[in-house]
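The structure appears right after this line, and notes come after that.
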Amino acid sequence: MFVSRPAVHPVEAPPLTDAAENPPRVRMKDFQGMPGTPGGLALRLFQFFFAIAALSVMVSTSDFTSVTAFCYLVAAAILQSLWSLSLAFVDIYALLVKRCLQNPRAVCLFTIGDGITSTLTFAAACASAGITVLIGNDLNICAENHCASFETATAMAFISWFAVLPSFLMNFWSLASR
């Protein structure tokens, strides 16, 4: 039986480099806007603040409960603000401990949550915009209602949706490219 014996060959250690000369490598999938990045945190905070703005402006009117679309906008804004705030805390934690949030289960959860909340926010904003146009342009009863507040809340909901959309698309793209 002919068995070769392993040979041990000395290997040189790689040369030490200075961190200033060679910055740490960043994976291609870690671009701004993804969960766990400063851009992702900024998107979550924008989502939260505009959803809270839409909620507070709509709730400040006394007669928003008389229209179902406005009640739907309030419910969607509450859900959007809670979702965005919770993911903002997750992003803050990931940034503080320098953790990557590219776990497939986490990305799937973020994608599904962003998809649901963005769809609800967009639908609520569209419904509220339709009712606002009906009240203002078709019925001409803006003097009796709070049209400016309704329009402002609707605009804030659309801006919140515009901030959710990049998060959803980036998470969906990351999930689909695996």
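FYI, it's all coordinate maths here, none of it is from the lab. None of these values were measured; they are calculated from a predicted model. Cβ placement follows ideal geometry from the backbone for every residue including glycine, while neighbour counts extend to all protein chains displayed.
The fewest-to-most ranking of Thr154, Thr111, Thr61 by surrounding Cβ atoms within 10 Å reads Thr61, Thr111, Thr154.
Potential lengthening of the chain between Ile141 and Cys108 amounts to 7.3 nm, from the contour at 0.36 nm per residue minus the alpha-carbon distance. Distant-in-sequence amide contacts of Met34, defined by a placed amide H-H separation under 5 Å and a gap of 5 or more residues or a different chain, comprise Gly40. Put simply, the Cα atoms of the stretch 38-176 extend 54, 27, 19 Å along their principal axes, the longest span coming first.
Would you tally the net charge around Ala143, using a Cβ to Cβ cut-off of less than 15 Å, leaving Ala143 out, and scoring K and R as +1, D and E as -1? Net of charged neighbours comes to -4. Here each label is just a point 7 Å from Cα along the line to Cβ, and for Ser86 and Phe31 those points are 2.9 nm apart.
Converting phi to 3J(HN,Hα) with the Karplus coefficients 6.51, -1.76 and 1.60 and the offset θ = phi - 60°, the stretch 77-85 yields 5, 5, 4, 5, 5, 5, 5, 5, 5 Hz in sequence order, with x at every glycine or proline.
Per-residue 3J(HN,Hα) values for the stretch 167-174, derived from phi via the Karplus relation 6.51 cos²θ - 1.76 cosθ + 1.60 with θ = phi - 60°, read 4, 4, 5, 5, 5, 5, 5, 5 Hz in sequence order (x marks Gly and Pro).
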